[in-house]
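What follows is a set of notes on a single structure, which appears directly below.
The values are calculated or read from the model by the stated rules, or taken from the named source; none is laboratory data. It should be emphasised that the depicted structure is a prediction, and the values quoted were computed from it without experimental measurement. Because the Cβ atoms are built from the backbone with ideal geometry, glycine has one as well, and the counts that use them run over all protein chains shown.
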Amino acid sequence: MKSRFRVVNAFSHTFLVGWAVLTTFPLIWAILSAFKDDNEILTSAWSLPAKLRFENWSRAWTEASIGRYFLNTAIVVAGALVVTMLLGAMAAYVLARYTFRGSRLVYFLFVGGMMFPVFLSLVPLFFVVKNLGLLSTHLGLILVYSAYSLPFTVFFLTAFFRTLPSEVAEAAMMDGCTHYGLFFRVMLPMARPGLISVGIFNLLGHWNQYVLPIVLMQGEDAEKHWVLTQGLTALAINQGYAGDYSALFAGMAIAMLPVLILYLVFQRQVQSGLTAGHLK
């Protein structure tokens, strides 16, 4: 029995190590390539850079307009994250802690929204945003990002709010706390692990979104409001076979590092939020 357990344990560890290598190697390779010149990238792609060329990063930030795209992405993601987390937490709290007629129907409508592919709604979504006068605007992207993130946020946080102890809420109400104060001063701080977990997932989804910006960023001067995914794609296409590959890799590194660092900082909170949602 012990020998069989050791074999299974060794196999699982080997699989996890291999998966970690497959996941981290492309990231490390892209970041190292951001410090090389074009000749090194084309002739010695797998070697370390001869020296650290930080000018690649400054050239990508200014000449390739990655700085502008980064700022646009930060504005859109921050706005969408605030709207999604606030509305999602409020809806999830009501569905998890209060019983009213139609609550299960509302909950399953949110769950059903997770199964609706975004590609099926691109054409009507385009005309809705156009009729609202929000094409090629940050506000238009913020509202659309928030709408598509709400179903998963409500689904995740509803399960998390149900695990919170009812005794704390009852004690707060007996002490004269209002429903508004109970939610913002008691329940939200207790739900911090779950909020951080779903917030990280939403951040990754918003930051890497490509289809929605391509559809909704149309018209004159739309390039001024492009996000990072659009900017990097245009940079790769426009360069062709005689491109500035070092600036392209630097732009990719600039797009990857913020979310990677953020996840590393909050990885413990993400893990605790995922497990807490399944334990009671």
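Annotations for the structure displayed:
- Within segment 254-267, residues that are over 16 Å from THR23 (Cα atoms) sit with their Cβ atoms under 7 Å from residues that are of a type in the set (Gly, Ala, Ser) and buried (at least 16 other Cβ atoms within 10 Å of the Cβ), at 6+ positions apart or across chains, in these pairs: ILE254/ALA60.
- Residue in segment 216-224 that is part of a helix (DSSP H, G or I), at pLDDT 85 or above, of a type in the set (A, V, I, L, M, F, W, C) and under 25 Å from the mean Cα position of the chain (by Cα) present: yes
The rows are residues; the columns are (1) touching a residue at least 24 places away in the same chain (Cβ under 8 Å); (2) farther than 30 Å from PHE119 by Cβ.
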site: VAL186; (1), (2): no, yes
site: PRO193; (1), (2): yes, yes
site: SER197; (1), (2): yes, no
site: GLN209; (1), (2): yes, no
site: ILE214; (1), (2): no, no
site: ASP221; (1), (2): yes, no
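- With respect to the conditions (1) in contact (Cβ under 8 Å) with a residue 60 or more places away in the chain; (2) among the hydroxyl-bearing types (Ser, Thr, Tyr); (3) more than 15 Å from LEU216 (Cα to Cα); (4) not in a helix (DSSP H, G or I), TYR93 falls short on a single one, namely (4).
- Residues of segment 53-68 satisfying the condition of being surrounded by fewer than 13 Cβ atoms within 10 Å (Cβ to Cβ) and not β-branched (Val, Ile, Thr): PHE54, GLU63
- Set THR99, THR84: member being farther than 20 Å from THR233 by Cβ and part of a loop (DSSP other than H, G, I, E, B): THR99
- Counting only residues that are over 24 Å from the mean Cα position of the chain (by Cα) and part of a helix (DSSP H, G or I), segment 124-174 holds 15 of them.
- Test: PHE119 is surrounded by 12 or more Cβ atoms within 10 Å (Cβ to Cβ) and closer than 29 Å to VAL259 by Cα: no
- Odd one out for LEU228 among (1) modelled with pLDDT under 90; (2) surrounded by 22 or more Cβ atoms within 10 Å (Cβ to Cβ); (3) under 23 Å from GLU55 (Cα atoms): (1)
- Within segment 14-42, the set of residues being in a loop (DSSP other than H, G, I, E, B) and not small (Gly, Ala, Ser) comprises PHE35, LYS36, ASP37.
- Within segment 125-170, considering residues that are closer than 25 Å to GLY219 by Cβ, touching a residue at least 24 places away in the same chain (Cβ under 8 Å) and aromatic (Phe, Trp, Tyr), the one surrounded by the fewest Cβ atoms within 10 Å (Cβ to Cβ): PHE126
- Only one of ALA45, ALA10 that is surrounded by fewer than 13 Cβ atoms within 10 Å (Cβ to Cβ) and either assigned to a helix (DSSP H, G or I) or touching a strand residue (DSSP E or B) at 6+ places or on another chain (Cβ under 6 Å) (or both): ALA10
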